[in-house]
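Any read-out appearing in this document is the output of simple, stated calculations on the displayed coordinates, not a laboratory observation. Just so it is clear, the structure is predicted and the values come from calculations on it, not from any experiment. Cβ atoms come from the backbone with ideal geometry, glycine included; neighbour counts cover every protein chain shown.
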Amino acid sequence: MDMLKDKIKEEGIVLSDSVLKVDSFLNHQVDPQLMVEIGKEFSKRFADKGITKILTIESSGIAPSVLTGLQLGVPVVFARKRKSLTLTNDLLTASVHSFTKGETNEISVSNKYVNENDVVLIIDDFLANGQAALGLVDIVQQAQAKIAGIGIVIEKGFQEGGKILRDKGLQVESLAIVSSLENGIVSFATDNNEEVVK
Ligand code: 5GP
């Protein structure tokens, strides 16, 4: 997705060889027009899957998920990272180790909003080691719902998450795949595996 790659090239900040900061359009400030295009692209890639629900994790997965839900005409559920006084009954939970924060959170979703009749598209902002996505997969399986696939805005192809999920037979669609952040430079893997360097 060229618009996304351009935005990463222009505004992404390489914090280390493994962490990319995109606070100006995804993780803090949000670019609504980019989210509209992301929503269109995910809905195109998963168009024929019979999706009934999108599941993401707070907070940065919510914007791309809502715009995808708008395109597909389905509701969006986000897993909570913190215990909520109002989210108490019939919780589906999974343990997720955060790559960026270095802490483990119990994420939770009410079984009122994901159940055995659902075909679920999982969406997240980044894919690194796959822990967040695996936690969401776990929750969908506990709900006995079907998984349509996983939509990722930015996959870091040099970390293991993509391989783990694809090896499970899951369809993972990433809109930008970063192949390296070494020396402060963002390189992308393209469809034919060539690299475009910033
Ligand atoms: P994983 O669970 O796949 O190891 O990591 C994915 C989660 O960690 C995402 O939900 C995202 O919030 C965060 N994350 C992982 N790598 C990065 C990164 O390079 N930049 C940012 N901004 N977030 C990241």
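Determine, at each q value in 0.15, 0.19, 0.23 (inverse angstroms), the log₁₀ of I(q)/I(0) that the Debye formula gives when each Cα of the range 33-79 is one equal point scatterer. Computed log10 I(q)/I(0) values: -0.31, -0.50, -0.72. The label-point distance for Gln142 and Asp17, in a model that sets each label 7 Å from Cα toward Cβ, rounds to 3.6 nm. Scanning residues 5 or more positions from Ser180 or on other chains, those with amide H under 5 Å from its amide H are Ser187, with H placed 1.01 Å from N in the peptide plane.
Over 30 Å apart at the Cα level, from the set Lys44/Lys101; Lys5/Lys83; Lys40/Lys168; Lys49/Lys83; Lys44/Lys83; Lys53/Lys83, are Lys44/Lys101; Lys5/Lys83; Lys49/Lys83; Lys44/Lys83. The 3J(HN,Hα) values that the Karplus relation (6.51, -1.76, 1.60; θ = phi - 60°) gives for the range 88-94 are, in residue order, 10, 8, 6, 8, 9, 10, 8 Hz. Gly and Pro appear as x. Net charge within 13 Å of Lys163 by Cβ-Cβ distance, Lys/Arg positive one each and Asp/Glu negative one each, not counting Lys163 itself? Residues near Lys163 contribute 0 overall. Computing Rg and the Kirkwood Rh from the Cα coordinates of the chain gives a ratio, Rg/Rh, of 0.95. If you take all other residues with their beta carbon under 11 Å from the beta carbon of Val30, and give Lys and Arg +1 and Asp and Glu -1, the sum is -3. Computed from the alpha carbon positions, the gyration tensor of the range 54-148 leads to an equivalent ellipsoid with semi-axes of 19, 16, 13 Å, biggest first. With both residues required to sit in the chain, DSSP beta bridges show an antiparallel share near 45%. What is the local net charge at Ser110, summed over the other residues whose Cβ is closer than 12 Å to its Cβ (Lys, Arg +1; Asp, Glu -1)? After counting each charged neighbour, the total is +1.
Which listed residue (Ala189, Leu91, Thr68) has the Cα farthest towards the positive end of the charge dipole for the range 45-198, taking +1 on Lys and Arg C-beta and -1 on Asp and Glu C-beta about the Cα centre? Positive-most Cα among the choices belongs to Leu91.
Each Lys and Arg contributes +1 and each Asp and Glu -1, all at the Cβ; summed about the Cα centre of the range 2-189, the dipole is approximately 360 debye.
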